[in-house]
1. Restricting to region 26-36, name every residue that is among the small types (Gly, Ala, Ser), under 17 Å from residue 10 (Cβ atoms) and assigned to a helix (DSSP H, G or I).
2. Return yes when residue 65 is closer than 30 Å to residue 9 by Cα and either among the charged types (D, E, K, R) or surrounded by fewer than 10 Cβ atoms within 10 Å (Cβ to Cβ) (or both) and no when it is not.
3. From the list 66, 60, which one is assigned to a helix (DSSP H, G or I) and more than 21 Å from the chain's Cα centre (by Cα)?
4. Please enumerate the residues belonging to region 75-86 that are farther than 13 Å from residue 64 by Cα, among the hydrophobic types (A, V, I, L, M, F, W, C) and modelled with pLDDT of 80 or more.
Amino acid sequence: MGMSADAAGRWVEDWLSPPRFAIYLNAADHDRRTARGGYAWSTAGAAASQDDLADLEVGRRHAYDRALTAASPEGHPHWVFAPQACFPPRSQRAANEE
């Protein structure tokens, strides 16, 4: 005996959770196939934005490196190997000191 299309798609609630899938079901007027497509579209958009965020992070990291390298004193090793050249140690007073 075959399973109905609706019953066959019940695994989605186990996978996403009923409250999460309900958001997509409500948006799709309770059409399960459309709701699953909406979830797939949403995750594809999230994945695409992660790629953009990764590019931004790499660009920011390289900009920091260029700025710190330019600010390092002449003749010092790269700032990664001599961080005190750009980031002098800070003294901190212990909470029990006066």
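The values are calculated or read from the model by the stated rules, or taken from the named source; none is laboratory data. Not measured: the values here are computed from a predicted model. Here the Cβ positions follow ideal geometry from the backbone for every residue, glycine too, while neighbour counts run over all protein chains shown.
1. Result: 35, single match.
2. No.
3. Every option except 66 fails the conditions.
4. Once the filter is applied, which keeps residues that are farther than 13 Å from residue 64 by Cα, among the hydrophobic types (A, V, I, L, M, F, W, C) and modelled with pLDDT of 80 or more, region 75-86 yields 81, 82.
Here's the yes/no breakdown for (1) within 30 Å of residue 88 (Cβ to Cβ); (2) at pLDDT 95 or above:
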residue: 18; (1), (2): no, no
residue: 21; (1), (2): no, no
residue: 28; (1), (2): no, yes
residue: 32; (1), (2): no, no
residue: 59; (1), (2): yes, yes
residue: 69; (1), (2): yes, no
